[in-house]
Amino acid sequence: MIEQISIKPQEKPMPFPQRSVPVPGTATMRVQDQDSASALVNPVKPTAESVNAGKQLYGIYCTPCHGASGTGNGLVGEKLSVKPFDLTSEAVQSLSDGFIFGYLTFRGTVMPSYANDLSPTERWHMINYLRHGLTPAAPQQAGIQPNDQAK
Ligand code: HEC
């Protein structure tokens, strides 16, 4: 009876369940699901600092699949059954900031969730980069040059 699969007190360190602990660095933004995330408005202004922060994070987390240009030609992306979408395309650029925030939080089909790796603020920086750094569209408004040094 004493030999059971149940976990005994003090037996081993128990990791916290995923996403039960806030990622440090910012106020935690709680969203329940993709639908409620879609209604969120980006609270981070697309300043040069924000876009640059997004660019750095993009280089670390997104280039393997989406490529430095964002067109989906990353080395890992090539191997996937579902090809990474072209982030510079009309289809993706017409998504709302909130939807993309939800996508990064809750994952796509093949694309993983970034809720544990990127704080909410970092996710918004990333969205500012997708809008104002990755594409030539509207960079002037934000006073930012389109990427290309991003390689
Ligand atoms: C493991 C490869 C991989 C990585 C890393 C990755 N993606 Fe994706 N992404 C995909 C794939 C594949 C799709 C196509 C749909 C799907 O599988 O979710 C996609 C789709 C998307 C979409 C389009 C969603 C839509 O509905 O049109 C956005 C936006 C996106 N990714 C942003 C990002 C950002 C920002 C990062 C970095 C934080 C990132 N992705 C990292 C593979 C990846």
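The values are calculated or read from the model by the stated rules, or taken from the named source; none is laboratory data. Quantities reported herein were computed from a predicted structural model and do not represent experimental measurements. Here the Cβ is made from the backbone with ideal geometry for all residues, glycine too, and neighbour counts use every protein chain on show.
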Exercise. What helices (runs of 4 or more DSSP H), lying completely within region 37-98, carry at least 2 residues that are touching a strand residue (DSSP E or B) at 6+ places or on another chain (Cβ under 6 Å) and modelled with pLDDT under 95?
Worked result: none
Exercise. Can you pull out the residues in region 99-113 that are surrounded by fewer than 18 Cβ atoms within 10 Å (Cβ to Cβ) and either part of a loop (DSSP other than H, G, I, E, B) or in contact with a Lys or Arg (Cβ under 6 Å, 6 or more places away or on another chain) (or both)?
Worked result: 107, 108, 109, 110, 111, 112, 113
Problem set entry | Members of region 69-84 found to be surrounded by fewer than 18 Cβ atoms within 10 Å (Cβ to Cβ) and near the ligand (Cβ under 7 Å from one of its atoms), listed by number | 76, 80, 82, 83
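Based on what the data block shows, is residue 66 near the ligand (Cβ under 8 Å from one of its atoms) and crowded, with 21+ Cβ neighbours inside 10 Å?
Details: near the ligand (Cβ under 8 Å from one of its atoms): yes; crowded, with 21+ Cβ neighbours inside 10 Å: yes.
Answer is yes for this residue.
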Seminar exercise, completed: When every residue in region 85-98 that is within 6 Å of the ligand (Cβ to nearest atom) and in contact with a His (Cβ under 9 Å, 6 or more places away or on another chain) is compared, the one farthest from residue 43 (Cα to Cα) is 85
For this session: Only residues in region 2-19 that are surrounded by 10 or more Cβ atoms within 10 Å (Cβ to Cβ) count as the first member; pair them with residues that are modelled with pLDDT under 85 and not in a loop (DSSP other than H, G, I, E, B), Cβ under 8 angstrom, at least 6 apart or cross-chain, and list the lot.
Result: none
Exercise. Residue check: is residue 47 of a type in the set (Ser, Thr, Tyr) and free of Cβ contacts under 8 Å to residues at least 40 places away in the same chain?
Worked result: no
For this session: Among the residues of region 99-121, count how many are within 8 Å of the ligand (Cβ to nearest atom) and among the β-branched types (Val, Ile, Thr).
Result: 3
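Counting only residues that are of a type in the set (S, T, N, Q) and either surrounded by 19 or more Cβ atoms within 10 Å (Cβ to Cβ) or farther than 21 Å from residue 31 by Cα (or both), how many does region 120-137 have?
Going through region 120-137, the residues of a type in the set (S, T, N, Q) turn out to be 121, 128, 135.
Retained after the next criterion (residues that are either surrounded by 19 or more Cβ atoms within 10 Å (Cβ to Cβ) or farther than 21 Å from residue 31 by Cα (or both)): 128, 135.
Residues flagged as of a type in the set (S, T, N, Q) and either surrounded by 19 or more Cβ atoms within 10 Å (Cβ to Cβ) or farther than 21 Å from residue 31 by Cα (or both) within region 120-137 amount to 2.
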Exercise. Based on what the data block shows, is residue 116 of a type in the set (S, T, N, Q), modelled with pLDDT under 95 and under 12 Å from the mean Cα position of the chain (by Cα)?
Worked result: yes
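Taking region 38-61 on its own, how many of its residues are small (Gly, Ala, Ser) and within 13 Å of the chain's Cα centre (by Cα)? Walk me through it before giving the result.
Step one: list which residues in region 38-61 are small (Gly, Ala, Ser), which gives 38-39, 48, 50, 53-54, 59.
Then keep just the ones that are within 13 Å of the chain's Cα centre (by Cα); that gives 53-54, 59.
Of the residues in that region, 3 qualify.
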